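Take a look at the structure set out below.
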Amino acid sequence: MAISEKKRSIVRLLAILLILALIAGVAVYLGTYYHASPDAMETIANPPAGVTVETADGRIAFVPEHPTAGLIFYPGGKVQYEAYAPLMAACAERGILCVLVHMPCNLAVFAPNAADGIAEQYPEINRWYVGGHSLGGAFAARYAAKHADALEGLILLAAYATDDLTDSGLAVLSVVGTEDGVLNVGKYDACRTNLPADAEECVIEGGNHAQFGSYGAQSGDGTAKITPGEQWAQTVSAIEARMGAKDTED
C-alpha cells in the first residue's frame, strides 16, 4: 500500500511539473514577438502633414483631412501592431482613414471581431474596407465573410481567405511579394477559389513578407530586393487603386 501511494505521489508531481512546463512554454511563446521599429514609432509620434493620429481603446487611427474611405487593419501574427504605422500613414496621405487594431498577445485569433464598432465612430465615412497582413489578413477575411453587407471590400497582404467570399460582393485586393518566404504558397493558390471572380492581385517584384510592416527581418522570410519604402509605396498604390479613395481631381 505504501508503494502504491508513493507511485501516486510521483505521478501527481510529474503531472504538476508537466503543467507548469506547458504554462511556461505558452508564456514564452506569447511573450516573444516582433517589435515595431523606431521609425514606425516615430511615424505615430510625428505623422505626415495633413494626417492626424488618434489613439484610444487599443486602436491607432490615421485620419486625413478629407477622408473618402476607411480601412480597418489587422496586424500580422506575433507582430506589434504599431509596426504597420508607416504603411497606414502613407495610405492616409492618399485620403484613406486607417485604423490599426491591437490584438491580445499580438494574435488576431484572440480578437477576431476587433473591427466591431469602428465604423460607427466615423459616420462621415460610408465606404469601409477591412484588411490585414498574414495571419491578420486571414482573420480580416473571416470577419469580412460575416459582415459583407456592412463592408465595401477586403485587402489582403501576404494572406489568403479560408472562407468562401465568391458571392460576397466584396471588392478584394491581394498583394504579395515575390521574395516572400513565410507565406504558404500552396494554401495561397488553393484559396484563390474562395475569392470573388473580380478579385485583383498585385505582385510586388522584390518584395518580401516582413516589409509590409516595419519590424525587421522575420524568421524564414526571403531577402527583399527592394527597400521597405518602395514596398510600401507599391502597396499603397494598389490599395488606393482598388479602394478608389484618391480624389481624381488632385
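The values are calculated or read from the model by the stated rules, or taken from the named source; none is laboratory data. Only a predicted model underlies this, so the values are computations on that prediction, with no experimental measurement involved. With ideal geometry, Cβ positions are generated from the backbone for all residues, glycine too; neighbour counts draw on all protein chains shown. For the accessible areas, the whole protein counts, side chains as well, though only heavy atoms, and no ligand, DNA or RNA atoms are used. Shrake-Rupley method; radii C 1.70, N 1.55, O 1.52, S 1.80 Å.
Observations on the structure shown:
- Relative contact order [Cα under 8 Å, 6+ residues apart], the range 121-250, whole percent: 20 percent
- Across the range 217-229, computed HN-Hα scalar couplings (Karplus, 6.51 cos²θ - 1.76 cosθ + 1.60, θ = phi - 60°) run 6, 10, 4, x, 7, x, 8, 5, 9, 10, 7, x, x Hz from first to last residue, x flagging Gly and Pro.
- Proximity of backbone amide H atoms, modeled 1.01 Å from N, is registered between LEU71 and LEU97, CYS98, VAL99, TYR129 at under 5 Å, excluding neighbours fewer than 5 places apart on the same chain.
- Rounded to the nearest 20 debye, the dipole size of the range 113-250 about its Cα centre is 420 debye, using +1 on the Cβ of Lys and Arg and -1 on the Cβ of Asp and Glu.
- Karplus 3J(HN,Hα) series, Hz, for the range 81-97 with 6.51 cos²θ - 1.76 cosθ + 1.60 (x for Gly, Pro): 5, 4, 4, 9, 4, x, 5, 5, 5, 5, 5, 4, 4, 9, x, 9, 6
- Net charge over other residues, Cβ less than 12 angstrom from the Cβ of LEU183 (K, R count +1; D, E count -1): -3
- Carbon + sulfur, % of accessible area of the chain - ligands and nucleic acids excluded, 1.4 Å: 57 percent
- Relative contact order [Cα under 8 Å, 6+ residues apart], the chain, whole percent: 17 percent
- 5 angstrom amide H check on TYR34, placed H, neighbours 5+ away: VAL79, GLN80
- Taking Cα atoms only, the orientation of helix 2-31 departs from the longest principal axis of the chain by about 20 degrees.
- Under a model in which nothing but the beta-carbon of Lys, Arg (+1) and Asp, Glu (-1) is charged, the chain shows a dipole of about 1660 debye around its Cα centre.
- Per residue, the range 149-226 exposes an accessible area of 44 Å² to a 1.4 Å probe, with every protein chain left in place.
- When both bridge partners sit in the chain, DSSP labels roughly 30% of those beta bridges antiparallel.
- Extension gain, ALA217 back to GLU230 (0.36 nm per residue minus Cα-Cα distance, nm): 3.1 nm
- Scanning residues 5 or more positions from ALA171 or on other chains, those with amide H under 5 Å from its amide H are GLY153, LEU154, with H placed 1.01 Å from N in the peptide plane.
- Rounded Å value of the spacing that divides the Cα centres of the range 127-206 and the range 79-96: 18 Å
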